[in-house]
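Below: the structure, in C-alpha cells.
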C-alpha cells in the first residue's frame, strides 16, 4: 500500500512538469514483466525444479559510484566522466567491462552530490515520507550510450548476481525511479530499456523535444523545459537584435539534431537565414572537427548559434583556439552556455544564451564543501576528483606528492565549488522531491529562462552574468526583459546580414539559389511604393495619388487645368478681352459714322448685330478658362455654339444682301422686296434657333460635365469637361461648319460683282480663314492632351473671331478714320474702285 500511494503521488507531482497520465500502473506491471523474463531465462537450460532454479545476471555487475540502502531505492545516472574507453573486440575472448576515461566533469559530480543531499534531507524530514527511508544507487554513464544502456539494465534488475528465490522475482534493491541522464541521447536509450518495465525516469537536463512523445517514451519525465521552448526563444533572441544572417553548429546527436531542427524552423518563421549548418560529435576524427572550424573561419556570418553539448563544443573550441577565427558572436543553448567549464575559452567572450533560472538550495553548498580526506578516500570518484584538484595522491606512494590532509576544498576554483546560485543542480534537487513528494509546490514555470552572458570580471576571468529574462507567456515582442548591459564580442559585428536592408521605395527580390536572407533591392515600379524597410512587395497608390521621387509616400496628384494664374491662361484671356474690346470699339466707330455712305451701304443693322455676336464669341472663350464646374461645362460649349451660329448667320445675311442687291440693279428685277430687313432678321433668327434647339436637346439628354481624367497622365489629374454626348458636340460643330461652307460658297459667287460697295470679297477671305481654322482645329483638338485641348479650342475661337472682325470691318474702319475722302456716295458708285 505504501508503494502504491507513493507512485500515485509521484504521478501527480511529475505531471506538473510535462507528464501525462499513465505513470503508476507501472511499478507492479514492471515486476510482473521482470518475473516473466526471468522465468523464461531460467527455463532455458536451467533445472525446472522451483527449489533449484536461480536467475543470474549476464555480464559483470557494475558497482555504483555512490550508493546507500533504504526502503526504496532511487537510481541516478550522471555523466561524471566525459568519455568511455573504446575496445576493439576480437570475438575470441569475453569483452572486458566498460570503463570511463577522461577527466571528471565536476559539474556532473555536483549533480550527483545534490541528489544525495536531497535524499538525506528527505530522510531527515518528519513531514515528508515519515517512517520511510530512501536509498540511492548513482552510476556514471561516461556520457556514452553503451554505458547508459548497461546501467539502465542493471538498475532495473538490481545488484545481486543471483536473485531468484522461490516464487518471488522481486528484490529489495530494485529501483523505484531513476533520475537522469544529463544528455538527451543517453536518456533516449535508457528510456527504451526501462520503459517496458514502467520504471519512471526523471531527467534534470535532457531537453530534446522528441522525449515528449508519450507513445515512444511513456515513462520519461523531466524537470526542465524541452528544447522546443528554447529553440523558439533563441530564434526570437536573434531576431530581437536584428541578426538575420547567421551560422549554426550542433552536436550530431538527438539533442543537437532535434534542437537545431526546431531552431531552424523557428528561425525561418522569423525571417532569419542560415549561411551554414554543421554537425559534429566529440568522437569524430579530428579532420571533421577541423573542417567545421574552417567553415566557421571562412564564413561571412559573424553570428553563430550553437546547439551542442558542452563536451562536444569543448572539442570545437579547442580547435578554434589553435588557429583563431575572426571575431564571432556566439549564441548558446542551455547545455553549454551555463557550463562553468566552458568559461575558459576567452575567444567566446560576449557569448549570450539562455539559462534555467538560478535558485538557492539552503544547506547544499555546505554539504558540497563538507568533504574530509577520510570520506574522499572511501569513494574512487571523489578520490580521483581530490587528487586531480590538489595535484596530490591519497594513500602511499614514493613517486608523487602525497595529500597531507591540509587541503582546503573551499579554496578550489571549480564548478563543483561554484559560488553562484544553482541552475541545473536545482533541477536534480526538484527531481528527487518530485519522486518523493506528492505535490511539489515549487515547480518552475517551464516557459521562463534567464538570459545569461559571458563577461570578463575585474580580475580578467570570464564569469556568467544574468542580464535579463525571457518569458514566453508574455505578448509577442515583449518576451525579453534585459536589465543589465550585455558584453558582445570585442570586434564590431561587421557582417550580421547576408544582404543589407532594403530601404523604403524598394522591394526585396530573392537571389536565385540562395537563402531567403540573400536578396537584391529593386526600386518600386512606376506608380507603386513601399513604405517599410525590407518590404517584400510594392503596392500601388490610390487612383488620385502618386509616389514621390523616393517612392515611399503617396502624395495627392497635382490637379491640372487651364488656369487664369498661368501664362497661357493669362495670354488667352487677354486676347479674349482684347478681341471683345476691339469689337466694341468697331461698333462705336460704326455708330459714330452710322450716317456715312460706307456704313449705310454695308447694311448697318446686320453689321451691328455681327459686331455684337463677335463680342460674345470673344467673351465665351473665357468660360473655357478656370476650374471646370457643372455650369461652366454646360455654358462653354453651348455659348460657343450659339454665338458662332449667330455670327455666321449675320455674315450669311450680309452675303445674301450683296447678291440680292446686285440682282435688284438689273432691269425689271423686283427681288429686293423679297429680302428686306424683316427677311434678314428672320433668316438670322431661324438659323440661330436651329442651333439653340440642338444645344437644348444636348443639355437635356446628356449634357457636358466636369471630369477628373486619370488616364492621360499617370502622375497628375486633368480637370476637364467631358462632352457628355459626343454626337451633340459634333452636331453643334457640324452645324457651324455647314453654315460657314454655305456662306463661303455664296461669298465666292458674289466676289466679282462690280460695285464698290460689294463686301463679298472681304467675306470670302474671312470665311476662308474661318474654315481653315476650324478644319485645322479638328485634328489638333483630338490629339492635344490635357489642358492643351482647351487651349486649342480657345485658339480656334479667337483666331476665327479675329479673322472675321479684321477681314470684314478693318478696311471700312480704315476708310472711315483715315480716308474720309473715299467715304462718299460718289466714290462708292464708281465701279471697280473699292
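Just so you know, all these numbers are worked out from the coordinates, no wet-lab data involved. Remember, it's a predicted structure, so these values are computed and weren't measured experimentally. Counting neighbours? That spans all protein chains shown, and the Cβs are built from the backbone with ideal geometry, glycine included.
Per-structure values
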| item | result |
| --- | --- |
| Fully extended contour minus Cα-Cα distance, from residue 701 to residue 531, at 0.36 nm per residue | 56.5 nm |
| Exposure proxy ranking, count of Cβ atoms within 10 Å, fewest first, for 806, 155 | 806, 155 |
| Length released on extending from residue 588 to residue 725, taking residue separation times 0.36 nm less the Cα-Cα span | 45.3 nm |
| Cα→Cβ-extended label distance, 7 Å offset, between residue 501 and residue 577, nm | 5.7 |
| Region 455-516 versus region 615-636: alpha-carbon centroid distance in Å | 67 |
| Cβ crowding within 10 Å averaged over residues, with 573-580, 625-632, 401-408 ranked highest first | 573-580, 625-632, 401-408 |
| Binned Cα-Cα distances of region 506-556, short to long, each 10 Å bin given as a whole percent | 29, 45, 20, 6, 0 |
| For 551, 286, order by how many other beta-carbon atoms lie within 10 Å, fewest first | 286, 551 |
| For region 342-399 versus region 765-789, the gap between their alpha-carbon centres in whole angstrom | 104 |
| Difference of contour (0.36 nm per residue) and Cα-Cα distance, residue 509 to residue 126 | 130.9 nm |
| Cα→Cβ-extended label distance, 7 Å offset, between residue 269 and residue 570, nm | 6.6 |
| Which of 598, 179 has the fewest Cβ neighbours within 10 Å, and the rest in rising order | 598, 179 |
| Distance (nanometres) between label positions extended 7 Å along Cα→Cβ at residue 457 and residue 242 | 3.5 |
| Region 506-556, relative contact order in percent, only Cα pairs under 8 angstrom and at least six apart counted | 32 |
| Cα centroid separation - region 180-196 against region 271-307, whole Å | 28 |
